Amino acid sequence: MHMNTFSPSLTRRHWRRVVSIGGMGLLLRSLMLITLYYAVGMWGFIFTPDAHGIPLVWPATGVGLAFVFLYGYGMLPAVGVASALITWQFTSEAVPLLESVGIVAATVAGVALGGHMLRRLTMRPRLERLRDVWLLLSVGAVASSGLAALAGAWGMAVGMDDLRFSQTWWLCWVADLMGLVLVAPALITWLGAPMRLPGSVRLAALALGLAITGITTLVYSGILPAMVAMPLSYAVFPLIMLAAVRCPIQITSGLILITGAVALSGTGWGLGPFADMGLGESLLSLNAQLALLVLTGLVLNALSHERAAAEARARQYLEDLARAGRLSTLGELSSSLAHELNQPLCALSSYAQACKRLLARGKMEDLQEALGQLDAGAHRAAETVRQMRAFAAGQTPEQQPVSPRDLVYPVLELLRPELNRRHIRLEVDLPDTLPRVSVVPLQVEQILINLLRNAMDAVHGLRAARIDLQVASTREGVTMTVTDTGPGIPPERLARLFDPFATWKEGGLGLGLSISRSLVEAHGGRLIARNRPEGGAEFHFTLPLETHHANP
Ligand code: ADP
């Protein structure tokens, strides 16, 4: 989602830059402000229902507020000039000079206070949070319109002694606020936030613009009877709601402005469904409808943005979770790799040392075999890495029919140096008549290595250190059982024995049994651990026969 980069400090920096390049930006913006302020002021005076000269819509304050909020306090002199021009032009006969100055000062103060509060409270010009909408409306209502209405009421009260001040102030406040809610959102969103319109949205915006202009022109042209025109005037609501949900805020605020301008102008000229009640009453009723329209559009737009932002946050959260998941899988994978490579690398080192010893003794005939083991070990390590990479890439290794002997012998070769070094006796019961099994050979070898190494650790240092590997044929398949004469597994550890990273060994990783169990299960079997009644632990699993096609 596009992050809004607007902030008052940014505008201040921008502002300083504008001033430093010769004040052109300041001058242009000031001229733009004065022209707009004056134009909407004149337009506002069209809607002056009585001889006291109180306009019923006064968008000029909204123009001032928008410019000061967007471009900073440097706009205030222009607000003063524009306000003075209007006061001088429209009220000069009635209001003495001192009061005129007071009116201008109160207007500038209202705009300055409103602009300051909006900037201070960091309202975003995209109005994409409910908070921004409430800020604009409440600051506009209380600070800007409040003070500007004071100025207006003051001016009017001076000319018309019979008009009660509070009543005048109230009328001025309504006029100011209505003008402000119509004009300020459109100006702030159009000037303050860049707009990007995808092709489809552009079309939708055009269609909505045409529909709204058509409907409001029809309603406020006076050609329809009030009974038809009044309900039709509400037809803009669903269109504004659609725009608020589907289009950028600029489109919504622009459409509201078009509706407001057409409706107010029509009613001001005595046309449309609100015109019958007399200008004062009719404009107030229309103002109420327009205020609801503004609220609907802005609130719906903010709500849909907040929902989109919440969805984006949820998506981001899920992505973060998935990334964390991948990282943890990667971590487990590298730990597994470290674990599974440990054995072949130890064996390589043992064979390399044996080769050195044989060389030193000149036993060339034995060197051949030791080098062969070295070569096989290196291949094994490379194959382990390859299979892990294939696993990480999501590939399923292929099962092959093999004789159990071909699974057991390479393991015995690999472990022989360590068994000898640790003086451990390994008894292997491997009948000649065993049927072939359908397995991924390297995976079964890894299971055997893990179980035998654990058994070696369990009997390490014991006097009668002995491990048994029994391979037998049953109806389900070929079973492999590793037993040892060690201390067995303490009962409290049995429940967590196969959990990843569950270890009770110094320097242990706690992955051997967890990996082994996954590999056994990938062959459709179960790895079972138990303590033997005669002492020591027993690990047992079954491999599928060649004819039985288990899905790894
Ligand atoms: P690691 O060997 O790195 O600790 P394993 O998953 O291979 O990880 O083993 C987990 C734990 O299971 C070991 O720390 C050990 O306490 C227990 N264990 C495994 N095999 C045996 C065995 N044959 N006898 C006794 N305890 C064992």
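The values are calculated or read from the model by the stated rules, or taken from the named source; none is laboratory data. Note that the coordinates shown come from a computational prediction; the quantities given were computed from them, not determined experimentally. Glycine also receives a Cβ, built like all others from the backbone with ideal geometry; neighbour counts cover every protein chain displayed. When the accessible area is computed, the model is the full protein with side chains, heavy atoms only, and any ligands, DNA or RNA have been set aside. Shrake-Rupley method; radii C 1.70, N 1.55, O 1.52, S 1.80 Å.
So the values come out like this:
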item: Check on HIS14, under 35 Å from the mean Cα position of the chain (by Cα) and modelled with pLDDT under 65; result: yes
item: Tally, over the range 265-278, of residues that are outside any loop (DSSP other than H, G, I, E, B) and in contact with a helix residue (DSSP H, G or I) (Cβ under 7 Å, 6 or more places away or on another chain); result: 6
item: Counted residues, the range 451-504 - those being surrounded by fewer than 20 Cβ atoms within 10 Å (Cβ to Cβ), among the hydroxyl-bearing types (Ser, Thr, Tyr), at pLDDT 95 or above and within 24 Å of GLU418 (Cα to Cα); result: 1
item: Any pair with Cβ under 6 angstrom, 6 or more apart, that starts in the range 64-78 at a residue that is surrounded by fewer than 21 Cβ atoms within 10 Å (Cβ to Cβ) and ends at one that is assigned to a helix (DSSP H, G or I); result: GLY74/LEU26; LEU76/VAL108; LEU76/ALA112
item: Selection count where residues are aromatic (Phe, Trp, Tyr) and over 57 Å from the mean Cα position of the chain (by Cα), scope the range 397-422; result: 0
item: Output for the range 181-200, where each listed residue is in a helix (DSSP H, G or I) and touching a Pro at 6+ places or on another chain (Cβ under 7 Å); result: LEU182, VAL183, ILE188, THR189, GLY192
item: Selection count, the range 423-461, where residues are outside any helix (DSSP H, G or I), within 16 Å of the ligand (Cβ to nearest atom) and within 59 Å of the chain's Cα centre (by Cα); result: 4
item: Qualifying residues in the range 462-472 (those that are farther than 25 Å from GLY510 by Cα and touching a Leu at 6+ places or on another chain (Cβ under 9 Å)) - the one farthest from the ligand (Cβ to nearest atom); result: ALA472
item: Pick from the range 255-272, criterion in contact with a Phe, Trp or Tyr (Cβ under 8 Å, 6 or more places away or on another chain) and over 14 Å from VAL181 (Cβ atoms), ranking: most open to solvent (accessible area, probe 1.4 Å); result: LEU271
item: The range 259-288 residues that are aromatic (Phe, Trp, Tyr), paired with ones that are assigned to a helix (DSSP H, G or I) (beta carbon under 6 Å, 6 or more apart); result: PHE274/THR267; PHE274/SER282; PHE274/SER285; PHE274/LEU286
item: First in the range 516-536 and under 15 Å from ASP499 (Cα atoms), second anywhere and modelled with pLDDT under 90 and more than 11 Å from the ligand (Cβ to nearest atom), Cβ under 6 Å, 6 or more apart; result: LEU519/GLN443
item: The listed residue being closer than 19 Å to GLU340 by Cβ, crowded, with 16+ Cβ neighbours inside 10 Å and of a type outside the set (S, T, N, Q), out of ALA381, ALA370, ALA390, ALA354; result: ALA381
item: Residue within the range 354-373 that is within 27 Å of ARG466 (Cα to Cα) and in contact with an Asp or Glu (Cβ under 7 Å, 6 or more places away or on another chain) present; result: yes
item: 2 or more residues of a type in the set (A, V, I, L, M), closer than 23 Å to THR384 by Cβ and within 16 Å of the ligand (Cβ to nearest atom): qualifying strands (runs of 3 or more DSSP E) within the range 473-552; result: 477-484
